[in-house]
Structures are given as C-alpha cells and as structure tokens.
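Have a look at the structure below before the remarks.
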2 protein chains.
Amino acid sequence: MNAESAAPARRRLSRAEAKARTRSLLLDAAARVFARKGFTGASVEEIAEAAGFSIGALYSNFGSKEALFLELLADRHTDRIAEAAQALDRHPAGTGEAAAELSRLLIEVADKDTDFAPLQAEFWLYAVRNPEVLDTMAANLRAPRHALEQVISTSLNRQDAPTGVSTEAVATVVAALFGGLVRQRRIDPASVPEELFGHALQWLFTGIRAGAPAPSDTV
Amino acid sequence: MNAESAAPARRRLSRAEAKARTRSLLLDAAARVFARKGFTGASVEEIAEAAGFSIGALYSNFGSKEALFLELLADRHTDRIAEAAQALDRHPAGTGEAAAELSRLLIEVADKDTDFAPLQAEFWLYAVRNPEVLDTMAANLRAPRHALEQVISTSLNRQDAPTGVSTEAVATVVAALFGGLVRQRRIDPASVPEELFGHALQWLFTGIRAGAPAPSDTV
DNA sequence: GCTTTGACATAGCAATCCCTATCTGAATAA
DNA sequence: TTATTCAGATAGGGATTGCTATGTCAAAGC
C-alpha cells in the first residue's frame, strides 16, 4: 500500500529537519485553532491534536502556550502581511489599476482567507491587554508598513502631489480603511461590495490631489 | 455613622428595583471584565466579585455566561453607539466643523473610553465565531448606522452632490475608517494624530465632490 | 400579625485547564 | 555493533472552570 507519502519519494528527514517540520505544523495548526477559538478559548490539546502530535510534543517545541502564540504573532506579521504588500507593488501603482487590484485583494482576504481577520483581531486584543508586547508588535509591522508607504509615495508623486501631505498619514488611513472594511464585510457582506475599497481609494486620492482645504475655517 | 449611603437619603428600594439595580451593576462589571480578559478569559466569579455580588446572584439574573455576554452585546450596540450618533447630529454637519468634531470624538473614544474598542473587538469575534448571532448584531447596528447615513446624506446634499454616489457606501467607508483608526491608535498613538480623521474625511468628501473617475480605464 | 415568595449567599460537583515527570524508540556517533 | 542523545508519547497533578443544589432572610400579600 505504501500509505505513508503521497509526495513522490519523500526522503528520510534528518533529526533537525523533522523537528523544524513539526514546529511548522504546530504553528499552522495553532493559527487555525487560535483564529477559531481565541487565545484563552483554545486548548493546547486541541492544537496538538490538530497538528497530529501529542501535548508533550508541543511543549518540547514551545515553552508555553503564550510562547507559541507570541511566535505565531511574530511570524505572521512579518511574512503574511508582507506578502500582501508585495502583491501590491507588483502592479505599477497607477491609481486606476492599483485601486482595482487592492479591491480584489480585500475581497480575497475577507472571503477566502477566513482565518486572517479573526487571528489579527486576536493579536490586537492580546497586544492591548499585554502592553509589554506592544513594541514587538509595532516592530513586526514596520516592514510591511514601510512597503505600503513606498507604494503610496510613488502613487502620490506620479500624480502631482500637493505639498504638505504626509505619506505616513495616508498610509495609516489606507491601512485602517482596509482592516475596517474587511471586518465589516464579515458581518454584512452586502454592505461592502467588491468595488467599494477601490472607489474609496479613488475618492481619497483625488481629494488629496485637489488639495484638501485647511481644516478649521468657519465656526 | 450611617455608612450606607453617600447620596442624600437614598430611599429603600422595592424588590423589582433592587433586582434591576443588581442586573445593571452586573452588566457594567461584565463589560469591564470582558474587555480586559475576553469572553473565555473572564470568569463568572471575577465578574460577580467586581460587581460586589456572589456567583449565585449572577446566575439568578442571567441564564449563563453566554446569555450575560449576549445581553451586554445587545445593550451596548443599541444605546452606546446611538449616543455617539446623536453627538454627531448635534453639529450642523458642514464639512469643516463636522470633521473637527468627529476627530475629537475619535480621540476621546480611543483614549478615554479604553474599554470600548476591546469590548467591540470581542463582540466582533464572537459574532464571527457564532454566526447565529450575526443577524442580531446587524439588527442592533441598524439604528446608529441609519443616523450616520442621514448625517452623511445631508452633508452630501449641502455640497453639490455628484449623482451616483451611494450614501450607504460612504457611510460604510466612514465607519470602517473610524474603527480602524481607533484600533491603530491603541497600538501606536503617534501614528494617529488628533487631526488625522478630520483630514481623511475632508480628503474623502472633496474627492467625492470632485466626482471620482470611473474605476477601470486603462490596463 | 403570619405566610409566601424570591433575591441572593454558600458550598461543592464534575469537567477541563496548563503543564510536567517519566518513559520509549529511533537517529546519530563511535 | 554498542552507546548516546533527544524528539515525541503517555499519564497524571494541581488548579480553576461553569454551573447547581441548598440555605437564609427580607419584601410582598393576606
């Protein structure tokens, strides 16, 4: 029967390779279970079982439930979101096309990758409740955030940029809008149609290009 | 000593009044504890103790821990957000002033009412994980959402509204942006300065007024 | 006045939690 | 081959959980 490997001729793994593999499998399982049950709601037994290992195996790879969660936080914030950012500068950042691409990305994140938003919410809640990890979280977010800022910067320069608009401010607004719309679509998909994010971005950038009026003018 | 009441001559409460009072105290305590520990992380003992009652008192007022949480969800979504919406139409909804007012509101929600954002995140996670309450949640959000739409509608009409912009779409964008910025400010306050939300709103509305270009034009 | 009702306190049960001490068997080194 | 190491399995301890059965005492009805 040879039931052990569907992949063609998986070779015998070395000791270190095997350990790395189980670590990775445990992290993936933890991401799913944490997303579905939350940090305190998830049990280490469920995570270990979902990965196909025992509880002891989990504790032989991670010092505690919290350490497992924190490593997950660091990993996902570095590569997972960075991948979204790189999918962003694949496209030439002209407003028209980039907007459509970003709309597509939002729908895919919201509808296909159903674990993403709950997991991120769980991370945010953990950081708010444990301020000592706030710095770590901010540091992990810096790289993808920088990528987003660069995309926005080139997009602002391509259009005739009005001076005095901070790239970081626009990046913050775009990121906040993205996350907010993803969450809203999970509650009521009809209220966040496919093109909405793209439209909002076009409103935003044409408004910026037009030069926003000074904030306080009349009472 | 008369140590029992600081308020001037608090009269003896009737049976129903006393029960209503403990219910209210339990709900307030539950809001604080759920915000700090999460749904599964909070224990009924801690909630009861924070309210100054016993576990039995809690179960004599609420059928279960979940029922207590769901009542909290319904209550907060009806009156708490509605109060924010009414603070919104206190002001004449001219872009300039309304923007500043909304900026102030955001900062106050993010910095002063520190329990609000975590509690809302907890509600969102619960709804995503328990789809049977999605309808209830959506129903509770309908009223404040309608108020927001009306403010936006009058604001759009006051400026010469370009036809074809959906009021609901703008309301969704504004709400998502608000929530996203509140969350971001909790992680890194410096990245969300006081005026940011107001500026974003002005960008958005001037962009809408200018008439956003049709989404897909060039490849 | 007495009786009834019910809001709340107390104590405890059964289940589950995170984590650890101990053991097994296979991969490495000699 | 024999000895050593270490990833992972097994079993269980100690603590905590949500919830309930029972008791108590003041308010409401007669």
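What to note about this one:
- Inter-copy label distances at B:D188 (7 Å, Cα→Cβ; nm, one decimal): 3.2
- Sorted ascending by nearby beta carbons within 10 Å, beginning with the fewest, B:D28, A:D188 become B:D28, A:D188.
- Each label was represented as a point 7 Å from its Cα along the Cα-to-Cβ direction; for B:L105 and B:E17 these points are 3.5 nm apart.
- Net charge of neighbours whose Cβ lies under 13 Å from the Cβ of B:V33, counting Lys and Arg as +1 and Asp and Glu as -1: -1
- With the gyration tensor restricted to C-alpha atoms of the stretch A:125-219, the semi-axes of the equivalent ellipsoid amount to 26, 20, 15 Å, longest first.
- Across all directions, the shadow cast by the convex hull of the stretch B:28-104 built on its C-alpha atoms averages 6.2 square nanometres.
- Peptide B:118-130 is shielded by partner chain Cβ atoms: per residue, an average of 4 of them sit within 10 Å of its Cβ.
- Counts of other chain beta carbons within 10 angstrom of each beta carbon in peptide A:195-202 average 6.
- On full extension, the segment bounded by A:I55 and A:I187 gains 44.0 nm, given 0.36 nm per residue less the C-alpha separation.
- In the protein assembly as shown, the alpha-carbon atoms span a convex hull of 209 Å³ per residue.
- 7 Å along Cα→Cβ, label-point gaps from A:S64 to other copies, nm, shortest first: 3.1
- Each Lys and Arg Cβ is given +1 and each Asp and Glu Cβ -1; about its Cα centre, the protein assembly as shown then shows a dipole of about 920 debye.
- Largest first, the extents of the alpha carbon coordinates of chain A on the three principal axes equal 72, 42, 34 Å.
- Helices that extend 18 Å or more along their long axis by alpha-carbon positions and average at least -1.0 on the Kyte-Doolittle scale are, among the DSSP H runs of chain A, A:15-37, A:95-111, A:116-129, A:134-158, A:167-187, A:196-209.
- When exposed loop sites are taken as trypsin sites (Lys or Arg not before Pro) in a DSSP loop with at most 13 other Cβ atoms within 10 Å, the longest stretch of chain A clear of them is A:113-219.
- Efficiency of FRET between B:A210 and A:T136 - r from beta-carbon atoms, R0 51 angstrom, step 0.05: 0.75
- Cα-centre dipole for chain B with unit charges at Cβ (Lys and Arg positive, Asp and Glu negative), debye to 20: 640
- Dipole moment magnitude, nearest 20 debye, the stretch A:148-211 about Cα centre, only Lys, Arg, Asp, Glu C-beta charged: 80
- Computing Rg and the Kirkwood Rh from the Cα coordinates of the stretch B:86-140 gives a ratio, Rg/Rh, of 1.13.
- Cα lying deepest toward the dipole's positive end in the protein assembly as shown, options A:F53, B:L68, B:A143, charges on Cβ: A:F53
- In range of the label at A:E46: residues from the stretch B:115-130 whose backbone nitrogen is under 12 Å from the point 7 Å along Cα→Cβ: B:129-130
- Cβ neighbours within 10 Å from other chains - mean over B:181-187: 6
Here, each number is a calculation from the coordinates, and none is a lab measurement. Everything quoted here is computed from the prediction, not taken from an experiment. Counting neighbours? That spans all protein chains shown, and the Cβs are built from the backbone with ideal geometry, glycine included.
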